[in-house]
Each structure stands twice: as structure tokens, then as C-alpha cells.
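Enquirer: Have a look at this one.
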Amino acid sequence: MLIKQNNKKGGEKVISVYWFIILFLVAGAIVYMVGSFYGKPYDVRQIEADLLASKASKCVSYAGYLNEEILEPQFLENFPESCAITFKGAEERYSLKLNLTNLSSGERLFETEKGNINLKFSCGLKGENLPFCLERSFYVIDKNNNQYRADILSIVGRA
């Protein structure tokens, strides 16, 4: 009966080769992840436009009912501030437009636009450096069950 004895030195050499291969794989993965994370800047204009539209829609209605305060003239004059939306120092990057239409009469109750109104001319165009436009429409009722449609256009330009 023959019994082979393992050479301890040879076994250690094989383990050290595998150890270096694993080390190089881990180091390569870390370099790749850091490069992909910091390689290009993130474009968060879509998220900003969505947040802007959501904040405006919450101001217009709550649980499907119209906020009666938005029909007052002083509310419309200071529309973004009345809804706790501020464009401090970045008015040229943002635009917010709100229309409210009575569905039974077809009458537009109001239309207000704040921010950089020139951004809306870039909506519908394709390009990387153009502003991101987001349109939202929803229906609300008041306490007397009158039906309204609210249209919100939020636009976020490049920084």
C-alpha cells in the first residue's frame, strides 16, 4: 500500500497564488466601482421636476378635494410662496405653471406661471443639456361637488 505525503511547501505556494488572484480581483472591483460612481455626474432634474409637481399638487388639493384658498387673488399672486415652494437664488433654473379649469362650464379659473418662463419653449425638444419638462393633470372636486381639472407643468433646467 502506497501513501502519498503532501508537501507542505508546495501546498503553501499554490495557496499564495490563489490569494494574490483574489486580492487582484477585489482591488479591480473596487477600482471599477469607484470609477463608475465618480465617473459622470448624476442628472437629478427628473426627480426635482417630480418633487416640484408633487408639492404644487398637494397645495392645490388634499385627498381629492380642492383647496379653496387657491381661488383667492392674494394666493395666486404669491403662488409658490403660498405653497411653501421657494426658488431662492435659482429662479433661472425652475419654472412652474398651474392651470385650473372648471369642467362643467369649461371656464379656466386661473393660470399662473412663476420662475423662468423662457424654459417652456425648450419642452418637447430632444437634447442632453435642455431643461426637463414634466406635465401632470389631475381632477379635484370642491365641497359642492363641482369638478375641476388642474394642469401642472414643472420645468427644471441645467445648473
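Enquirer: Tally Lys/Arg at +1 and Asp/Glu at -1 over every other residue whose Cβ is under 13 Å from the Cβ of Lys97; what's the total?
Expert: On the way: positive: Arg108, Lys114, Lys120, Arg136; negative: Glu111, Glu113, Glu135, Asp151.
Local net charge: 0.
Enquirer: Multiply the residue gap between Phe110 and Met33 by 0.36 nm, knock off their C-alpha separation, and tell me the result in nm, one decimal place. Write down the numbers at each step before the final one.
Expert: Values: separation 77, 0.36 × 77 = 27.72 nm, distance 5.02 nm.
That pair, Phe110 and Met33, stretches by 22.7 nm at full extension.
Enquirer: May I ask you to evaluate 6.51 cos²θ - 1.76 cosθ + 1.60, the Karplus curve with θ = phi - 60°, for each residue of the stretch 120-132 and list the ³J(HN,Hα) values in order in whole Hz, giving x for glycine and proline?
Expert: Taking θ as phi minus 60°, the curve returns 5, 6, 8, 5, x, 8, 9, x, 6, 9, 8, x, 9 Hz for the stretch 120-132.
Enquirer: One quarter of the convex hull surface, Cα atoms only: what value does that give for the stretch 116-159 in nm²? Kindly include the intermediate steps, with their values, before the conclusion.
Expert: Values: hull surface 16.4 nm².
With the hull built on Cα positions only, its mean projection is 4.1 nm².
Enquirer: In the chain, once you exclude exposed GluC sites (Glu not before Pro) (DSSP loop, at most 14 other Cβ within 10 angstrom), what's the longest stretch remaining? Each step should come with its number before you reach the end.
Expert: Working: sites that count: Glu91, Glu92, Glu107, Glu128.
That gives 1-90 as the longest site-free run.
Enquirer: Right, something else. In the chain, if the dipole is taken from +1 on Lys/Arg beta carbons and -1 on Asp/Glu beta carbons about the Cα centre, which of Val26, Leu109, Gly64 is farthest to the positive end?
Expert: Val26
Enquirer: Considering the chain, what Rg and Dmax in Å follow from its alpha-carbon atoms?
Expert: 29.2, 103
Enquirer: Hey, another quick one. Quick one: helix 8-38 against the long Cα principal axis of the chain, what's the angle to the nearest 10°, folded into 0 to 90?
Expert: 20
Enquirer: Right, another one. Before anything else, pin down the relative contact order of the chain: Cα pairs under 8 Å, at least 6 apart, normalised by residue count, whole percent.
Expert: Numbers: 203 pairs, mean separation 39.7, N = 159.
Relative CO of the chain lands at 25 percent.
Enquirer: Relative to the first principal axis of the alpha-carbon coordinates of the chain, what is the inclination of helix 45-60, with its axis defined by its Cα atoms, in degrees from 0 to 90 and to the nearest 10?
Expert: That works out to roughly 40 degrees.
Enquirer: Tell me, in nm to one decimal, what length is gained between Glu69 and Asn118 on full extension, where the rule is 0.36 nm per residue of separation less the Cα-Cα distance? Show your work: numbers first, answer last.
Expert: Values: separation 49, 0.36 × 49 = 17.64 nm, distance 2.81 nm.
Gain on stretching Glu69 to Asn118: 14.8 nm.
Enquirer: Place a +1 charge on the Cβ of each Lys and Arg in the chain and a -1 charge on the Cβ of each Asp and Glu, then give the dipole magnitude about the Cα centre in debye, rounded to the nearest 20. Could you put the intermediate results ahead of the total?
Expert: Details: 19 positive and 18 negative charges, 297 e Å.
Dipole magnitude for the chain comes out near 1420 debye.
Enquirer: When a/c reaches 1.5 or more, the comparison of a/b and b/c decides; with that in mind, is the stretch 42-83 rounded, prolate or oblate per its Cα gyration tensor?
Expert: Values: a/c = 5.10, a/b = 1.79, b/c = 2.84.
Oblate, because a/c is 1.5 or more while a/b does not exceed b/c.
Taken together, the values in this text are just the output of simple stated rules run on the coordinates, not laboratory data. Since we're looking at a predicted model, the values are computed, not measured. We place every Cβ from the backbone using ideal geometry, glycine too, and count neighbours over all the protein chains shown.
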